[in-house]
1. I need the calculated FRET efficiency for the pair B:Gln55 and B:Ser93, taking r as the beta carbon distance and R₀ as 25 Å, to the nearest 0.05.
2. Take each complete run of DSSP H in chain A, measure how far its Cα atoms stretch along the helix's own axis, and keep only those covering 15 Å or more with mean Kyte-Doolittle hydropathy at least 0.5; list them.
3. What does the average come to when, for each residue of peptide A:477-485, you count the partner chain Cβ atoms lying within 10 Å of its Cβ?
4. If the cut-off is a Cα-Cα distance under 18 Å, which aspartates and glutamates reach A:Lys354, setting aside same-chain residues fewer than 8 apart in sequence?
5. As an exercise, take the mean of 1/r over every pair of distinct alpha carbons in the protein assembly as shown, invert it, and state the Kirkwood radius in angstroms.
6. Other chains' Cβ within 10 Å of A:110-121 residues: what's the mean?
7. Residue farthest toward the positive end of the dipole of the protein assembly as shown, with Cβ of Lys/Arg at +1 and Asp/Glu at -1: which of B:Pro283, A:Pro310, A:Val56?
8. Name the long-range amide H neighbours of B:Gly60: under 5 Å, sequence gap of 5 or more, or other chain; modelled H, no Pro or chain starts.
Amino acid sequence: MARSLGPLSRADVTGAAALALVLALVLGTLVAVTLRAEAAAGLGPADWAAIRFTLVQATLSAALSVALAVPVARALARRRFPGRSVLITLLGAPFILPVIVAVLGLIAVFGRAGIFSTALGWLGLEPISIYGFHGVVIAHVFFNLPLATRLILQGWLAMPAERFRLAASLGFAPADIARTLERPMLRQVLPGAFLVIFLLCLTSFAVALTLGGGPGATTIELAIYQAFRFDFDLGKAALLALVQVGVAGAAAIIALRVSLPEGSGAGLDRAVTRWDAATPLLRIQDAALIGLAALFLILPLAMIARDGLPTLLHLPASVGWAALRSLAVALASAALTLALALPIAALAQHRRSKLAEGIGTLTIAASPLVIGTGLFILLFPFVDPSRLALPVTALVNAVMALPFALRALMPALSQVEADFGQLADGLGMTGWARLRHLWLPRLRRPLGFATGLAAALSMGDLGVVAMFAAPDEGTLPLTLYRLMAAYRMDLAAGAALVLLALSLALFWIFDRGGRLDADA
Amino acid sequence: MKALTIAAGLSTLASVAMAETPVLTIYTYDSFVAEWGPGPAVEAAFEETCDCDLQFVSVGDGAEILARLRLEGARSPADIALGLDTNLTAAASETGLFAPAQIDTPALDLPIAWNDDTFIPFDWGWFAFVYDKENVPEPPSSFEDLIASDHSLLIQDPRSSTPGLGLLLWMKSVYGDEAADAWARLNPQIVTVTKGWTEAYGMFLEGEADMVLSYTTSPAYHLIAEDDDSKSAAAFDEGNYLQIEVAAKLASSDQPDLADDFLEFMLSDAFQALIPETNWMYPAVTPEGGLPEGFETLAKPDTSLLYLGDEAREMRDEALAEWLAASAR
């Protein structure tokens, strides 16, 4: 394993360039905002309260999402049933929805007038209240449990079939398999999954506020928003954004240190057969888990579909144009994500650099408001920022999707290198040849997943485009907001359904492309 | 692909043709320029008379328009900012970025007297709690009524939303030093506090609460556009807080005369008649044809409350601190 790091290769330089671009976007914009500040800023008691609340809710939300995702992912990994691949695609859905759509979907199920409370009413029970700290956590679990399940499932699917075959021939019980095979894999995958979800919850703003029930649920991102828009205190906005990145950095260091490197032998890519899981009890347990998770995730989506269907055919043409613009942005953003993620992953792998991986993960903690403002300050002297609305949106979305792509790619890449690296070195396979003949074929699955996720994420993002867009250049999420702001909630519901369907289709196409031969 | 090339060609031609016409750039909030807002019709009507190219730039909401102008400073391409409100005018005039309008202001149909020649009102409305008549057969007629009732409420965060800030100042103007106490008594009824109007109103229509903080004119949308008379708004005996939306000319404008022409046009019938059914607010000058049918059914508070200028800003910070202390659980 102890290969020398060798001199700087071309791949290292490309990776370093990609990292530099990411750093410029995250920290450069922060510096730009700080330099425009009129006075030095400090943090008051309210800011500390926001930091505390943010940390607590993000930690709890991430822990719960990951803890619940493990049994669900295990159940999905060892069962084959009709509709499994559709379910796995749907798992991507909540995470890519614009916040307001997802919140309204959640409320239609868990709200005071939602189907859950209505059902309780029939039984003569009090309706439940989703508002409060638990509401924030429920919503974050709704958003992130599917993502956690997918990331962890990725770990299970990467385990070679031979190991389970060997385990079965040795007569391993499920507990033995868990101890010898699954736990080491989880030890490798879980910290990264936890980190990504922690970072996602860190920058939550509208979800936390809406379901938190009041100003007690003030997150750092809301404090940034307040500093910018209420007080026009750029110094404070930048300082809070720095705190946010700092918290994210600390979390990244801890998570990457806890995570174990993988290193136990290659397989031959046979279809996995799980002799151990054939007991009736485990069958029932897995079916129940999959059923419950599916219900929890799919009910709110079904409510969005139900509300959207009636107006689907009456949507104005502008919604169609907005959808096309969003598609273009999503595809560009997905391509950019790969162009950034592969060199960074290669650099992190080649130089054994946790730092490179860490920096690539931080972007999700960057405040969209500060990035947008910073870019505005930087671009304004040279060009009219609204001319660049769509390219800037694609770039920022790509950088935001980077952590997910790295999360999916890094474990798979280190596996590939551990299994075939020495062979490739022996053959003198470097640079493009290694990328084409070793990495791309072996990384199809995580690459498809990462591309699909990046495209779908970009599709649903409202973040930066709202600050730059010209009136007739709105993306689909922006158009959806405009419809709602004009009281046209019914048309907005139709637009939300279009958005949901397009995001899922994008995700499905790429994800499916990555699994074509592997899942047959 | 071919269609795109043709479109690109056409727009090149168009921009060549327009190279000589002066451009008037107006920063405004997003929903103003949306397909369903007043923007498109305003642009067409003004361009018919001005021999110019009116370009709207949409910037989030009123507070973000001001933030954007402060970032850009004197080099801003904007000629006019349209969509600030009375809570922002003090901070706006302090920046020195705005210049008085050189126009003859007609008599304004506002509930209060207006004497500011820099910030010119174009529409206004009263904040109010909107409800469904079936769920709330006996609406409250004052804050004390509301607190005594058990109606559930959806409000917006004053730090991120204009109506939210309106309610904060409304409570402050009614209760003065007792505002913190009033918030503490009202809080148990508040289901949640949302980021913006959109979230709260959407949740209200989903049935999440009995009443939502919005405008007295909101029921007019449901009545006129949806033929649904089930929504109404509560007028309070203490009075309802006003929002007056204003526009102003930038001192750095390279088209000051054209900007004045627009501000004059803004108070004419052509612009004002568009407001009620696109922005769902009251026009600042009632057009000759009167208000659209249906507006006469709306609740009309007897008293209008409003802090102006510096007072609005001082009250804002004090009231926010009180609300945060009373509401942070």
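We did not get these values from a lab; they are worked out from the coordinates using the rules stated. As the structure is a computational prediction, the values presented were derived from the model and not from experiment. Here the Cβ is made from the backbone with ideal geometry for all residues, glycine too, and neighbour counts use every protein chain on show.
1. About 0.50, to the nearest 0.05.
2. Values: long enough: A:10-23 (20 Å, 1.41); A:45-78 (50 Å, 1.04); A:99-110 (16 Å, 3.28); A:133-157 (34 Å, 1.23); A:183-202 (28 Å, 1.57); A:234-258 (36 Å, 1.84); A:280-308 (40 Å, 1.39); A:317-350 (50 Å, 1.46); A:368-379 (16 Å, 2.34); A:389-426 (47 Å, 0.96); A:444-460 (24 Å, 0.59); A:489-515 (38 Å, 1.29).
TM-like helix candidates: A:10-23, A:45-78, A:99-110, A:133-157, A:183-202, A:234-258, A:280-308, A:317-350, A:368-379, A:389-426, A:444-460, A:489-515.
3. Values: counts 0, 3, 2, 1, 5, 9, 5, 8, 12.
Per residue, the number of nearby Cβ atoms from other chains is 5 on average.
4. Candidates past the 8-residue exclusion: A:Asp12, A:Glu262, A:Glu417.
5. On the way: mean 1/r = 0.0350 Å⁻¹.
Kirkwood radius, the protein assembly as shown: 28.5 Å.
6. Numbers: counts 0, 6, 7, 5, 3, 0, 0, 0, 1, 0, 0, 0.
The per-residue average across the peptide is 2.
7. A:Val56
8. B:Asp30
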